[in-house]
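Note sheet for the following structure.
Just so it is clear, none of the values below were taken in a lab; they were calculated from the coordinates. Predicted, not measured: the structure shown is a model, and the values here were computed from it. Quick reminder, even Gly has a Cβ in these numbers, built from the backbone with ideal geometry, and neighbours come from all protein chains shown.
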Amino acid sequence: MRERVPVVEQGRRARRGPLARALWGGAEAAVTCGLVLLLLVVHQLWWTNRQAREGAERKVQALEREWGSPWGSPRGSPLSGSRSGSTSGSNSGSGATSGSGTSSGSSSSSGSGEQSGRGSGSHALAASAPAPRWDQAYAVLRMPRIGIRVPVAEGISKSGVLNKGYVGHYPRTAQPGQGGNFALAGHRNTHGEPFRRINRLRDGDELVVETKRAVYTYVVDKTLAQTSARDGGVIRPVPRSDVRTGHGYSTPGYYITLTTCTPEYTSKYRLVVWGKLQSMRPR
């Protein structure tokens, strides 16, 4: 009787059961999803920032070349709306002292920053500036304390302004140097995140706005750490929170407002920084 020799087939995998196949497929799907999510995070937190910052810096350089005046030339004399002017109570300047201050409580016409300021040459220059086109970058905002310089464009659309790494100017608010409230918005995270560190700004820090016609220096005066995203009072001509009672101003003046999302990586609330016009110099 012939003896049979068993044959062993090499490389043949044992057939998996239904449960094993399901677990294996789920693991592959989880790894794939994880990689996709990782790429999305890298894109949002690194690539969009890199692109937006480079584009914003190129725009700043283009504006400076167009204006033909490098940053760093001497500033003009302080306006009466400066911190020192409002402390001394002088009313011999343009009238922005009592108009922008909250401690004096004056409501006389000679102290109204918006009315008497328009009569001075410096504020007449701001008032006569042509309105910028929608999405047009027309100014540069510098915040020396946190090392930021960024273009300012008209409007607050994401695709046309904010996602380019620019700061957006709220429509129907004042322009730089004009009486009222020059209100701005910017991303705190992703797309250049120009306002990421504005929570580090302190009273007395400078906010410098440079345009084709003049350079305006504002000084940080108040901050609002958190308010509702629907708090429209913070960007009114006399900015005052509709949600957080007691935060803001009560008299006309020359204000700047910076708004951004808070906490970081969310858009639930708004962080607000306010300042007052201190000085300007024509080009």
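Descriptive notes on the structure:
- Residue-span extension gain [residue 225 to residue 283] - 0.36 nm each, minus C-alpha spacing: 17.3 nm
- Cβ crowding within 10 Å averaged over residues, with 238-244, 139-145, 275-281, 149-155 ranked highest first: 275-281, 149-155, 139-145, 238-244
- 20 Å cut-off, amide nitrogen to a point 7 angstrom out along residue 67 Cα→Cβ, residues in segment 256-283: 256-258, 275-283
- With 0.36 nm allotted per residue and the present C-alpha distance subtracted, the residue 199-residue 21 stretch has 58.9 nm of extension available.
- Neighbour-count ranking [beta-carbon atoms within 10 angstrom, fewest first] of 146, 256: 146, 256
- Violating pairs (Cα-Cα greater than 21 angstrom) within the set 59/212; 158/268; 222/276; 59/276: 59/276
- For segment 232-259 versus segment 176-207, the gap between their alpha-carbon centres in whole angstrom: 14
- Site pair residue 30 and residue 265 shows an inter-label distance of 2.1 nm when each label is modelled 7 Å from Cα along Cα→Cβ.
- Local electrostatic count at residue 135 - Lys and Arg +1, Asp and Glu -1, tallied over other residues with Cβ under 14 Å: +3
- Per-residue packing, averaged as other Cβ atoms within 10 Å, sorts the ranges 21-30, 47-56 into the order 47-56, 21-30, beginning with the highest.
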